[in-house]
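What follows is a short report on a single structure.
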Amino acid sequence: MSEENAQNIIKKTVQESEAETTIVMLPSDANPLGNVFGGMILKYVDLLAGLVAKRHAGHANIVTASMDSMTFLKPVYIGNALILKARINYVRKSSMEVEVKIEAEDLNKSQKVHTGTAYVTLVALDEKGKPTEVPKLVLRNDEEQRRFQEGEERMNTRLKNRKR
Ligand SMILES: CC(C)(COP(=O)(O)OP(=O)(O)OC[C@H]1O[C@@H](n2cnc3c(N)ncnc32)[C@H](O)[C@@H]1OP(=O)(O)O)[C@@H](O)C(=O)NCCC(=O)NCCS
């Protein structure tokens, strides 16, 4: 590849797209005994993962292609702060794997617990609705390299198991 072509390939760092949000859980988010619905948490996971993918992809429509199975390790209650931290691990061509770490904070006790980790695959679409290539990922250290490799392995597994 010529030096000019190499310079034209758009690349972005993990830090350019990462995002965090904190939301206080309300009675409308939960069952009558105060446990927050898993589906409510997944809605916020999907929203934040979409934001990260949009930041990375720039001018493209972003859709969720799949979400890996996940376990809710601890309950989240009304009045807890739900804290989500999302970052991009892996980029293929039009698809991106975004990891979302989920924590619940008991605001009375100032205690945070890890309640789960979600892996969301999002795909960038052009104006005709066709998958379109997104920027490559700049891997700046060993940890980002490791996350990328693990993301690639998970992507290979999910594509192998994909139901059409
Ligand atoms: C996601 C979607 C665009 C894939 O379309 P497709 O016809 O399978 O397109 P392709 O086979 O060319 O795949 C495009 C990319 O998506 C990836 N992909 C497709 N299905 C996937 C899955 N289940 N899990 C992970 N990645 C997937 C492919 O690997 C490919 O990635 P790459 O470009 O990085 O190599 C299409 O299935 C779709 O529009 N689904 C609905 C999305 C949506 O509306 N989500 C919101 C909830 S309804």
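The values are calculated or read from the model by the stated rules, or taken from the named source; none is laboratory data. Predicted model, so just to flag it, every value in this text is computed and none were measured. As a convention, Cβ positions derive from the backbone with ideal geometry for all residues, glycine included, and neighbour counts pool all protein chains shown. SASA here: full protein model, heavy atoms, side chains in, ligands and nucleic acids out. Shrake-Rupley method; radii C 1.70, N 1.55, O 1.52, S 1.80 Å.
Simple spin-label model, 7 Å along Cα-to-Cβ: residue 44 to residue 65 in nm?
2.8
Pick from 73, 51, 137: which is most flexible by mean-square fluctuation in a GNM of the chain where alpha carbon atoms under 10 Å apart are linked?
73
Which whole-number percent gives the relative contact order of the chain, counting Cα pairs below 8 Å spaced six or more residues apart?
Relative contact order comes out at 26 percent.
Can you give the calculated 222 nm mean residue ellipticity of the chain, where each DSSP H run of n ≥ 4 adds -39,500 (n - 2.57) and the sum is split over every residue, rounded to the nearest 500 deg cm²/dmol?
-9000 deg cm²/dmol
Cα centroid distance between region 101-144 and region 56-100, in Å?
Region 101-144 and region 56-100 have Cα centres spaced 4 Å from each other.
What residues from region 104-121 fall in the zone where the backbone N is under 20 Å from a label point 7 Å along the Cα-to-C-beta line of residue 24?
From region 104-121, the list is 104-113.
On the Cα set of region 16-65, report Rg and Dmax in Å, please.
In Å, with Rg to one decimal and Dmax whole: 13.7, 43.
Lysine pairs in region 12-160 with alpha-carbon atoms under 15 Å apart, 8 or more places apart or on different chains: how many are there?
Summing the qualifying lysine pairs gives 14.
Can you give the accessible area of residue 72, probe radius 1.4 Å, in Å² rounded to 10?
Probe radius 1.4 Å; accessible area of residue 72 about 90 Å².
At q = 0.13 Å⁻¹, work out log10 I(q)/I(0) for the chain with the Debye formula, treating every Cα as an identical point scatterer and leaving solvent out; two decimals please.
Values returned for q = 0.13 Å⁻¹ are -0.67.
Could you work out which residue, out of 149, 15, 111, moves most in a Gaussian network model of the chain, that is, has the largest mean-square fluctuation with Cα springs under 10 Å?
111
Using Cα springs under 10 Å in a Gaussian network model of the chain, which residue among 69, 110, 94 shows the largest mean-square fluctuation?
110
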